[in-house]
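The values are calculated or read from the model by the stated rules, or taken from the named source; none is laboratory data. Keep in mind it's a predicted model, so treat the numbers as computed, not measured. As a convention, Cβ positions derive from the backbone with ideal geometry for all residues, glycine included, and neighbour counts pool all protein chains shown.
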């Protein structure tokens, strides 16, 4: 809904209200306005669930688990930290976190982008996949916990800080870009670690620019936008378990 | 056998419990209002089949005595338990624990507390030290007296627990009236075992209390191990082995709580292979010596003791647990929002990482430990005949 050229904006304060009531109020507000600001958020789950394109949630406070699950083109921006499993199976759209995110962010996501300013928890980007034109992106500005990109089947993960252990375990598609080279002894035989090339820089550069636009001011410094100097982690084979199931 | 209730293995619900902890490292005591609000925010992580609190520092006027919190299903159970306590302990005071009627709490047991000291002569005759003596009698009451259950048995601490949502259990026990330097809380979502009053968290023994979110896949291996040392596992839940493992490793074997936690979440053999030789040797020795104390499965745990709180996540970090600080205060909760709801300006908010314990000690305990040198405190007191210079004279 556009009035006078500007998207209509609404504000909702959630306090400690139960997630069912809270989500009812948020959905009602989103039906009347394209941009909804949520204040005083405390642990409410499923905020921004399946949000459509053209809609935006601005969240102040700490939302509960499964924020922006099944996101379908909308945008969710959090001015603080988020808890676990954001962007579960998201389809399209964008999540921006001005802080850190918890475990299992971007679980099985198949489209859209997640930008996290600081660290992320464990099992982030596990089972991400890509299909035709959809190529999901998880961008982590800080360090990552263990099992980043576990069982990854497609898409892109960018990590500016340190990776944890069990990086890309069972990965059979997609790519993980690392600014800091991991200990080669920690990389499993089914993965290939190599220097990123110019084609990779072309993928990375717009993502670095996007990260700067979102966070450079609050970080007080910009990251290098050239997209150069990264390491690339890829599966050695697209079917690492083929011999287990078929000859 | 007719089936009357859903039992272990019949259902599996992939959900989590909620845990929380609040501690003032300076030892100043705070009422139960904050822990109640913190656990209440995570209402949907539990399902009304168990809630409870542990509180440290609530009975300063009886701090030398063991405070037994005992639940009774019947009057006969109380008569039998009091007769038993009368034989083996000397009771300074006994009273019904004040409770408040709460509509959602159905058929609560009769809950009493006793401030007791071991009967000196009987303890001497038993040949046991004080802690062991108390522990054996707690196990006796729990296993032998029908309808009686010791909810806690430590000094200057107590557990308040039952079947219900934690905020209702807290209201039932009027925990707002108690003042403690450390609180822990639990909201239960039982997955593998039935919900009953004794099976609510925290699980306690002596000064230990454990609140736990998750499940222990290694339960049977751990249970067989601790049972060899006289710990009865009869509470129909996996969490109790964690309490007994800490008691075994810390009280009996003299290890620090931090080392005990590391033994329970030992590094994988792959990781040990990558360590420098000295460290690898140490970790290998620990894993070999305490292979049956390795705890597997998804869990986040807050341990309470007279030293403070210790939080630990399983080594694969399959559960969430956050920690935040403000001045002398330390806050733990399954979700960050449950910390901010009681301390909006908490600092250093971060997750407790997998397999890396977070230790919050009382300042006084930390100072004492800082001064202590391991050379001056042998782990086990040697027996008299090992260090005595003269053979013991045989009585004529």
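Determine whether residue B:58 is in a helix (DSSP H, G or I) and either away from every other protein chain (no Cβ under 14 Å) or surrounded by fewer than 17 Cβ atoms within 10 Å (Cβ to Cβ) (or both). Can you show your working first?
Details: in a helix (DSSP H, G or I): no; either away from every other protein chain (no Cβ under 14 Å) or surrounded by fewer than 17 Cβ atoms within 10 Å (Cβ to Cβ) (or both): yes.
Judged against the criteria, residue B:58 is not a match.
Determine which single condition residue A:16 fails, assuming it passes every other condition in (1) surrounded by 23 or more Cβ atoms within 10 Å (Cβ to Cβ); (2) touching a strand residue (DSSP E or B) at 6+ places or on another chain (Cβ under 7 Å).
(1)
Can you find a residue that is under 22 Å from residue A:117 (Cβ atoms), in contact (Cβ under 8 Å) with a residue 24 or more places away in the chain, surrounded by 20 or more Cβ atoms within 10 Å (Cβ to Cβ) and touching a helix residue (DSSP H, G or I) at 6+ places or on another chain (Cβ under 8 Å) anywhere in the range A:177-200?
Yes, some residue in the range A:177-200 is under 22 Å from residue A:117 (Cβ atoms), in contact (Cβ under 8 Å) with a residue 24 or more places away in the chain, surrounded by 20 or more Cβ atoms within 10 Å (Cβ to Cβ) and touching a helix residue (DSSP H, G or I) at 6+ places or on another chain (Cβ under 8 Å).
So how many residues does the range A:130-144 have that are over 17 Å from residue A:207 (Cβ atoms) and modelled with pLDDT of 95 or more?
1
Considering only the range A:45-61, state which residues are over 28 Å from residue B:317 (Cα atoms) and either out of contact with any strand residue (DSSP E or B) (no Cβ under 7 Å at 6 or more places or on another chain) or within 14 Å of another protein chain (Cβ to nearest Cβ) (or both).
A:54
Listed residues B:90, B:71; which is touching a residue at least 12 places away in the same chain (Cβ under 8 Å) and under 22 Å from residue B:180 (Cβ atoms)?
Working: B:90 fails: under 22 Å from residue B:180 (Cβ atoms).
Answer to the check: B:71.
Checking the condition surrounded by fewer than 24 Cβ atoms within 10 Å (Cβ to Cβ) and on the phi > 0 side of the Ramachandran plot, which residue from A:127, A:98 passes? Explain how you work it out, then say what you get.
Working: A:98 fails: on the phi > 0 side of the Ramachandran plot.
Step by step, each of A:127, A:98 is checked, and only A:127 is surrounded by fewer than 24 Cβ atoms within 10 Å (Cβ to Cβ) and on the phi > 0 side of the Ramachandran plot.
For the range B:24-43, give me each residue that is in a helix (DSSP H, G or I) and either under 15 Å from residue B:164 (Cα atoms) or more than 19 Å from the chain's Cα centre (by Cα) (or both). Walk me through how you get there before you give the answer.
Filtering the range B:24-43 for residues in a helix (DSSP H, G or I) gives B:33-41, B:43.
Result: B:33, B:34, B:36, B:37, B:38, B:39, B:40, B:41, B:43.
For residue A:121, indicate whether it is crowded, with 20+ Cβ neighbours inside 10 Å, under 15 Å from residue B:320 (Cα atoms), touching a strand residue (DSSP E or B) at 6+ places or on another chain (Cβ under 9 Å) and at pLDDT 95 or above.
yes
Has the range A:153-175 got at least one residue that is buried (at least 23 other Cβ atoms within 10 Å of the Cβ), within 16 Å of the chain's Cα centre (by Cα), within 14 Å of another protein chain (Cβ to nearest Cβ) and under 20 Å from residue A:94 (Cα atoms)?
Within the range A:153-175, none of the residues are buried (at least 23 other Cβ atoms within 10 Å of the Cβ), within 16 Å of the chain's Cα centre (by Cα), within 14 Å of another protein chain (Cβ to nearest Cβ) and under 20 Å from residue A:94 (Cα atoms).
Looking at B:179, B:223 in this structure, which one is touching a helix residue (DSSP H, G or I) at 6+ places or on another chain (Cβ under 7 Å) and surrounded by fewer than 23 Cβ atoms within 10 Å (Cβ to Cβ)? Full working, then the answer.
Working: B:179 fails: touching a helix residue (DSSP H, G or I) at 6+ places or on another chain (Cβ under 7 Å).
Residue meeting the stated conditions: B:223.
Suppose we filter the range A:22-44 for residues that are buried (at least 17 other Cβ atoms within 10 Å of the Cβ), part of a strand (DSSP E or B) and more than 12 Å from chain B (Cβ to nearest Cβ); how many remain?
So the count comes out to 4.
From B:87, B:70, which residue is in contact with a helix residue (DSSP H, G or I) (Cβ under 7 Å, 6 or more places away or on another chain) and either closer than 23 Å to residue B:17 by Cβ or at pLDDT 95 or above (or both)?
B:70
Find the strands (runs of 3 or more DSSP E) located wholly in the range B:289-374 whose residues include 2 or more that are loosely packed, with under 15 Cβ neighbours inside 10 Å, within 14 Å of another protein chain (Cβ to nearest Cβ) and free of Cβ contacts under 8 Å to residues at least 60 places away in the same chain, and list them. Write out each step before concluding.
Values: elements: B:299-305, B:308-313, B:322-326, B:329-333, B:347-351, B:358-361.
Fully inside the range B:289-374 and qualifying: B:347-351.
Looking only at residues in the range B:270-279 that are within 14 Å of chain A (Cβ to nearest Cβ) and in a helix (DSSP H, G or I), which one is farthest from residue A:64 (Cα to Cα)? Even if it seems obvious, please write down each step before you answer.
Going through the range B:270-279, the residues within 14 Å of chain A (Cβ to nearest Cβ) turn out to be B:270-276.
Restricting the remaining residues to those that are in a helix (DSSP H, G or I) gives B:270-273.
Numbers: B:270: 35, B:271: 34, B:272: 36, B:273: 39 Å.
In this case the residue turns out to be B:273.
Can you name the residue in the range A:62-87 that is away from every other protein chain (no Cβ under 14 Å) and under 13 Å from the mean Cα position of the chain (by Cα) and is also surrounded by the fewest Cβ atoms within 10 Å (Cβ to Cβ) among such residues? Outline the logic, then answer.
Kept after step one, since they are away from every other protein chain (no Cβ under 14 Å), are these residues of the range A:62-87: A:68-77, A:87.
Then drop every residue that is not under 13 Å from the mean Cα position of the chain (by Cα), which leaves A:68-71, A:75-77, A:87.
Values: A:68: 33, A:69: 21, A:70: 17, A:71: 30, A:75: 21, A:76: 28, A:77: 19, A:87: 34.
That would be A:70.
Taking the range B:161-218 only, how many residues are over 17 Å from the mean Cα position of the chain (by Cα), within 19 Å of residue B:232 (Cβ to Cβ) and part of a strand (DSSP E or B)?
Number satisfying all stated conditions: 0.
For the structure I just gave you, tell me whether residue A:90 is touching a residue at least 40 places away in the same chain (Cβ under 8 Å) and either under 18 Å from residue A:125 (Cα atoms) or away from chain B (no Cβ under 13 Å) (or both).
Numbers: touching a residue at least 40 places away in the same chain (Cβ under 8 Å): yes; either under 18 Å from residue A:125 (Cα atoms) or away from chain B (no Cβ under 13 Å) (or both): yes.
The answer is yes for residue A:90.
As an exercise: evaluate residue B:128 against (1) farther than 22 Å from residue B:96 by Cα; (2) surrounded by 21 or more Cβ atoms within 10 Å (Cβ to Cβ) and give the number of the one condition it does not meet.
Against the list (1) farther than 22 Å from residue B:96 by Cα; (2) surrounded by 21 or more Cβ atoms within 10 Å (Cβ to Cβ), residue B:128 comes up short only on (2).
Count, please, the residues in the range A:99-109 that happen to be assigned to a loop (DSSP other than H, G, I, E, B) and within 14 Å of chain B (Cβ to nearest Cβ). So that I can check it myself, show each step before the final result.
Quick first cut of the range A:99-109, residues assigned to a loop (DSSP other than H, G, I, E, B) only: A:99-100, A:102-109.
Then drop every residue that is not within 14 Å of chain B (Cβ to nearest Cβ), which leaves A:99-100, A:102-105, A:107.
The qualifying residues number 7.
Got a sec? Which of B:259, B:245 is in contact with a helix residue (DSSP H, G or I) (Cβ under 8 Å, 6 or more places away or on another chain), surrounded by 20 or more Cβ atoms within 10 Å (Cβ to Cβ), more than 14 Å from chain A (Cβ to nearest Cβ) and assigned to a helix (DSSP H, G or I)?
Numbers: B:259 fails: surrounded by 20 or more Cβ atoms within 10 Å (Cβ to Cβ).
Within the list B:259, B:245, the selection yields B:245.
Would you be able to say whether some residue in the range A:8-21 is in contact (Cβ under 8 Å) with a residue 12 or more places away in the chain, within 14 Å of chain B (Cβ to nearest Cβ) and assigned to a helix (DSSP H, G or I)?
Checked against the condition, which is being in contact (Cβ under 8 Å) with a residue 12 or more places away in the chain, within 14 Å of chain B (Cβ to nearest Cβ) and assigned to a helix (DSSP H, G or I), the range A:8-21 yields at least one hit.
Can you find, within the range A:117-143, the residue that is nearest to the chain's Cα centre (by Cα) among those that are more than 14 Å from chain B (Cβ to nearest Cβ) and assigned to a strand (DSSP E or B)? Walk me through it before giving the result.
Narrowing the range A:117-143 to residues more than 14 Å from chain B (Cβ to nearest Cβ): A:117, A:125, A:127-141.
After this cut, where a residue has to be assigned to a strand (DSSP E or B) as well, the list is A:131, A:134, A:137-140.
Working: A:131: 17, A:134: 14, A:137: 6, A:138: 4, A:139: 6, A:140: 8 Å.
The qualifying residue nearest to the chain's Cα centre (by Cα) is A:138.
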